[in-house]
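The structure under discussion appears below in the form of structure tokens.
The values are calculated or read from the model by the stated rules, or taken from the named source; none is laboratory data. Just so it is clear, the model here is predicted, and its values are computed rather than measured. Here the Cβ positions follow ideal geometry from the backbone for every residue, glycine too, while neighbour counts run over all protein chains shown. Ligands, DNA and RNA are excluded from the accessible area calculation, which covers all protein heavy atoms including side chains. Shrake-Rupley method; radii C 1.70, N 1.55, O 1.52, S 1.80 Å.
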Amino acid sequence: MYILGIETSCDETSAAILENKKIISNIIYSQIEKHRIFGGVVPEIAAREHLDKLQFVVDESLKKANLSLNDIDVI
């Protein structure tokens, strides 16, 4: 069974794929540099970055696992 996990925190967007409880890929995009000039996370900038990078981290996670979205059983 393949599971795709997606996570968005304050300043990171990530996607991971598990195969039977074993992590086979994990891609993380950090926004820390975009927020550094403000001295902390700016929610509006963070939200836009999550939307912008979500497809990238999912695609890269699938690529690293050598899978397609059709192979995923659970998101």
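Around GLN31, what is the net charge, scoring Lys/Arg as +1 and Asp/Glu as -1 over all other residues with Cβ under 9 Å from its Cβ?
On the way: positive: LYS34, LYS53; negative: ASP11, GLU12, GLU33, GLU49.
Its environment carries a net charge of -2.
Give me, ordered by chain and number, the residues 5 or more places off ILE24 or on other chains with an amide H under 5 Å from its own placed amide H.
Answer set, sorted by chain and number: ILE17, LEU18, GLU19.
Enumerate the residues in the stretch 1-17 having an amide nitrogen under 19 Å from the point lying 7 Å beyond the Cα of ILE32 toward its Cβ.
7-15
Please compute the per residue accessible area over the chain with all protein chains in place, 1.4 Å probe, rounded to a whole number of Å².
Counting only protein heavy atoms, the per-residue value for the chain is 68 Å².
By how many degrees, 0 to 90 and rounded to 10, does the Cα axis of helix 43-65 deviate from the longest principal axis of the chain?
30
Within the accessible area of the chain, what % is carbon and sulfur when the probe is 1.4 Å and the other protein chains stay in place?
Values: 2790 of 5090 Å².
Of all accessible area on the chain, carbon and sulfur atoms account for 55 percent.
Indicate the gyration tensor shape class of the chain (rounded, prolate or oblate), computed on the Cα atoms with a ≥ b ≥ c the square roots of the eigenvalues: a/c under 1.5 is rounded; otherwise a/b larger than b/c is prolate and the rest oblate. It would help to have the intermediate numbers written out before the result.
On the way: a/c = 2.88, a/b = 2.64, b/c = 1.09.
It comes out prolate by the Cα gyration axes.
As an exercise, identify the chymotrypsin sites (Phe, Trp or Tyr not before Pro) in the chain lying in DSSP coil whose Cβ has no more than 16 other Cβ atoms within 10 Å.
Answer by residue number: PHE38.
How large is the accessible surface of ASP73 in square angstrom, using a 1.4 angstrom probe and rounding to the nearest 10?
Its accessible surface works out to 100 Å², give or take rounding.
Could you run the Karplus curve 6.51 cos²θ - 1.76 cosθ + 1.60 with θ = phi - 60° over the stretch 67-74 and give me ³J(HN,Hα) per residue in whole Hz, x for Gly and Pro?
Ordered by residue, 3J(HN,Hα) equals 10, 10, 4, 5, 7, 6, 8, 9 Hz.
In whole Hz and in residue order, list the ³J(HN,Hα) couplings for the stretch 3-8 that follow from phi through the Karplus curve 6.51 cos²θ - 1.76 cosθ + 1.60, θ = phi - 60°; x for Gly and Pro.
For the stretch 3-8, the Karplus curve yields 10, 9, x, 10, 9, 10 Hz.
Can you give the charge dipole size of the chain about its Cα centre, rounded to the nearest 20 debye, using +1 on the beta carbon of Lys and Arg and -1 on the beta carbon of Asp and Glu?
The dipole magnitude comes to about 140 debye.
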